[in-house]
Amino acid sequence: MPVPPRRLGSLKGTREQIVIILRRSSLTANEIAARLGLTHNAVRGHLAVLQRDGLVRQGGLQRSGSRPAVVYELAPEAEATFSRAYIPFVAHLVRVLQEKLPQGQLDEVMHLVGRSLAAEWPRLQGDLPQRLEAVSVFLEDLGALNEVDKLDGGFIIRGYGCSLAAAVHSRPEVCRAMESLLAELLEVSVRECCERGDRPRCCFEIAVESSGADSGRHAIT
């Protein structure tokens, strides 16, 4: 499963400076080194880590003397992680939708959002416990620390926080979008049981069909 790029806030020192420089323009390692007063090898080491974390990518070659030099640029998907506008935008969007749409229609919109998000990720492999482990890692990558426990007739994902806390504010519609997202990824029935108080916490119950021999795959209806 793809890992979302790390946020700029998780970077410190030289790597943060490199990302800030590359947000302005694409540069070679030598050009970055010259701006920061570092050696070429030192910058290459930092660029390798930033590439691994999905923040930077190679953007082509630049002719410089007899040898072409690799040009580095910010990865397109990384730019969105630097914006602070998404959470307030989503929170107000949900509020306006809640005011304008009947509850049933709003629920359906949120379920469609969850299914659309799920379509962006590869199909999970393995039996249900293996898929649950992958989903747990996925949620942590999104910022929601969680653990998976067995429950009578299935499993439960208990979160120690909520990656969408600023947009939830006692609005179950946001949680229903995540409910549909997990149902599509796991290919079993999922029911949200989230806490939506001052400190929202994710919670999702996963039902196991009694007809399944090993918690196998079941279509979502």
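The values are calculated or read from the model by the stated rules, or taken from the named source; none is laboratory data. The structure presented is a predicted model; accordingly, all values stated were derived computationally and were not measured. Every residue, glycine as well, gets a Cβ built from its backbone with ideal geometry; the counts of neighbours run over all protein chains shown. When the accessible area is computed, the model is the full protein with side chains, heavy atoms only, and any ligands, DNA or RNA have been set aside. Shrake-Rupley method; radii C 1.70, N 1.55, O 1.52, S 1.80 Å.
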(request) Only residues in the range 84-99 that are within 17 Å of Leu142 (Cβ to Cβ) count as the first member; pair them with residues that are of a type in the set (Lys, Arg) and open to solvent by less than 70 Å² (accessible area, probe 1.4 Å), Cβ under 9 angstrom, at least 6 apart or cross-chain, and list the lot. (result) Ala91/Arg171
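With over 15 Å from the mean Cα position of the chain (by Cα), of a type outside the set (Val, Ile, Thr) and loosely packed, with under 13 Cβ neighbours inside 10 Å as the only criterion, which of Pro68, Pro122, Pro76 stands out?
When all the criteria are applied, what remains is Pro68.
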(message) Given the criteria modelled with pLDDT under 85 and surrounded by fewer than 14 Cβ atoms within 10 Å (Cβ to Cβ), does Arg52 qualify?
(response) no
(request) Filter the range 46-88 for residues that are closer than 16 Å to Ile21 by Cβ and either β-branched (Val, Ile, Thr) or in a helix (DSSP H, G or I) (or both) and give the result. (result) His46, Leu47, Val49, Leu50, Gln51, Val56, Val70, Val71, Ala78, Glu79, Phe82
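Search the range 138-163 for residues being of a type in the set (A, V, I, L, M) and assigned to a loop (DSSP other than H, G, I, E, B), and hand back the single one that is surrounded by the most Cβ atoms within 10 Å (Cβ to Cβ).
Ala144
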